[in-house]
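The values are calculated or read from the model by the stated rules, or taken from the named source; none is laboratory data. In this text the structure is predicted, and so the values were computed from the model without any measurement. As a convention, Cβ positions derive from the backbone with ideal geometry for all residues, glycine included, and neighbour counts pool all protein chains shown.
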């Protein structure tokens, strides 16, 4: 009973540190022009978080909660649907096939081999690039960065919405400094409250509503996603999920002591299999890829050590099914501080970049820069891998290019040719 009490506290702690995703994810996915509905993607977000966190607890027996991942959701909405003009059902089909590929990799030794074959600078560069991608979207939502026909972007006018967003950024940052588990929620709530007091938002006609199981659930176009031109995006989603999952499991497990005698994360294979199912299932229910959340560390620090923690977190998501009207009140600039801070936190990985030699620096820098500047995780990873192998070859470091990395680089070249219509 004592263990259940401790795990219950841990599960609730994890829920509150990641509950912001219930608002932020549908806000990103239903951005004007995507065609996705807020209510439908909110239901999909909660359904995925509930079912996959439950599976993580029951099958993997790990205290990690699962939900649609930050970064990949922005790539899904801004990079694929808005950037490339891919219809949202096809984009969901793309996520489904990425999950299928991820699952196949997770059931074989290829998972570890790919993880080892990808150069460190590409992995950490991708994390930093995704962070910059999120930060750019956050700045745009806050009105601090706007488009410009000459300079591409420029500083926006500091209006009421921008000032509210900056206030939310200060509040959230201070609460995070104090390690408050409610930091993101309080930040979003404070900006929303300020907007309400200034008359920028009005109370909804109803405060609760039934889940929306009609607009996006099972509306994916599985066969439409099997286009040659979409293969690079499928691989990018798959590899991004793989990197993100391994980084989360390895990083959090080592930080919290969830490792075996050899120092390896406990039940890593089972955890990655659940993550693969989270991506596959995300396409089915109507949201971007699911992944284990790094915020799970908060619950683990609070005493969570088994799957019971994830089960409790899953149950905490159930009431969120009925809160779409309340969540819809939140203006986009209220979630901007979350995007900015999560993006900034991802910058921390860049301290591991190897910058002493040009053949290490350039591929890492290309990966970091191309992701936000092209609004595409795909481009960052493809160019990073190709440039790494090419520069290592020219630098006389051919023996450091493994056969698998060489094969991946050739595949990347082919995919780049496909994307550019060669």
Quiz item: Tell me, which residue of the range 327-336 that is in a helix (DSSP H, G or I) and over 16 Å from the mean Cα position of the chain (by Cα) is surrounded by the fewest Cβ atoms within 10 Å (Cβ to Cβ)?
Solution: 328
Quiz prompt | Only listed residue being under 30 Å from residue 322 (Cα atoms), in contact (Cβ under 8 Å) with a residue 12 or more places away in the chain and loosely packed, with under 15 Cβ neighbours inside 10 Å, chosen from 203, 209, 195 | solution = 203
Quiz item: Which of the residues belonging to the range 303-324 are in a loop (DSSP other than H, G, I, E, B) and closer than 28 Å to residue 100 by Cα?
Solution: 306
Quiz prompt | Number of positions in the range 338-374 that are under 25 Å from residue 18 (Cα atoms) and crowded, with 17+ Cβ neighbours inside 10 Å | solution = 11
Quiz item: Of all the residues that make up the range 297-326, how many are farther than 30 Å from residue 267 by Cα and either in contact with a strand residue (DSSP E or B) (Cβ under 9 Å, 6 or more places away or on another chain) or crowded, with 21+ Cβ neighbours inside 10 Å (or both)?
Solution: 1
Quiz item: Is it true that residue 386 is surrounded by 15 or more Cβ atoms within 10 Å (Cβ to Cβ), part of a helix (DSSP H, G or I) and at pLDDT 90 or above?
Solution: yes
Quiz item: How many residues are farther than 19 Å from residue 70 by Cα, out of contact with any helix residue (DSSP H, G or I) (no Cβ under 6 Å at 6 or more places or on another chain) and surrounded by 13 or more Cβ atoms within 10 Å (Cβ to Cβ) when one looks only at the range 171-180?
Solution: 2
Quiz item: Considering only the range 23-54, how many residues are surrounded by fewer than 24 Cβ atoms within 10 Å (Cβ to Cβ) and farther than 21 Å from residue 302 by Cα?
Solution: 11
Practice problem: Could you please find all residues in the range 142-155 being over 19 Å from residue 344 (Cβ atoms) and either touching a strand residue (DSSP E or B) at 6+ places or on another chain (Cβ under 8 Å) or surrounded by 12 or more Cβ atoms within 10 Å (Cβ to Cβ) (or both)? | Solution: 146, 147, 148, 154
Practice problem: For residue 126, indicate whether it is at pLDDT below 95, closer than 28 Å to residue 313 by Cβ, under 23 Å from the mean Cα position of the chain (by Cα) and crowded, with 17+ Cβ neighbours inside 10 Å. | Solution: yes
Exercise. Return the residue satisfying two criteria in turn: it lies in the range 89-106 and is farther than 11 Å from residue 235 by Cβ and buried (at least 24 other Cβ atoms within 10 Å of the Cβ), and of such residues it is farthest from the chain's Cα centre (by Cα).
Key: 93
Exercise. Please go through the range 141-163 and pick out each residue that is in contact (Cβ under 8 Å) with a residue 40 or more places away in the chain, closer than 16 Å to residue 340 by Cα and more than 25 Å from the chain's Cα centre (by Cα).
Key: 161
Quiz prompt | Among (1) out of contact with any strand residue (DSSP E or B) (no Cβ under 9 Å at 6 or more places or on another chain); (2) surrounded by fewer than 24 Cβ atoms within 10 Å (Cβ to Cβ); (3) modelled with pLDDT of 95 or more, the one test that residue 273 misses | solution = (3)
Quiz item: For the subset of the range 247-259 comprising residues that are without any contact (Cβ under 8 Å) to a residue 24 or more places away in the chain and outside any helix (DSSP H, G or I), which member is surrounded by the fewest Cβ atoms within 10 Å (Cβ to Cβ)?
Solution: 257
Self-check item: residue 40 out of contact with any helix residue (DSSP H, G or I) (no Cβ under 6 Å at 6 or more places or on another chain), modelled with pLDDT of 95 or more, in a helix (DSSP H, G or I) and over 24 Å from residue 268 (Cβ atoms)
Solution: yes
Quiz item: From 117, 183, 87, 165, which residue is touching a helix residue (DSSP H, G or I) at 6+ places or on another chain (Cβ under 6 Å) and within 29 Å of residue 229 (Cβ to Cβ)?
Solution: 117
Practice problem: Determine which single condition residue 236 fails, assuming it passes every other condition in (1) under 20 Å from the mean Cα position of the chain (by Cα); (2) under 22 Å from residue 327 (Cβ atoms). | Solution: (2)
Quiz item: For the range 260-302, what are the residues that are under 18 Å from residue 109 (Cα atoms) and part of a helix (DSSP H, G or I)?
Solution: 268, 269, 270, 271, 272, 273, 274, 275, 276, 277
Self-check item: Answer residue from the range 223-240, given it is buried (at least 16 other Cβ atoms within 10 Å of the Cβ) and more than 17 Å from residue 409 (Cβ to Cβ) and is modelled with the lowest pLDDT among those
Solution: 240
Quiz item: If only one of 220, 139 is crowded, with 19+ Cβ neighbours inside 10 Å and touching a strand residue (DSSP E or B) at 6+ places or on another chain (Cβ under 7 Å), which one is it?
Solution: 139
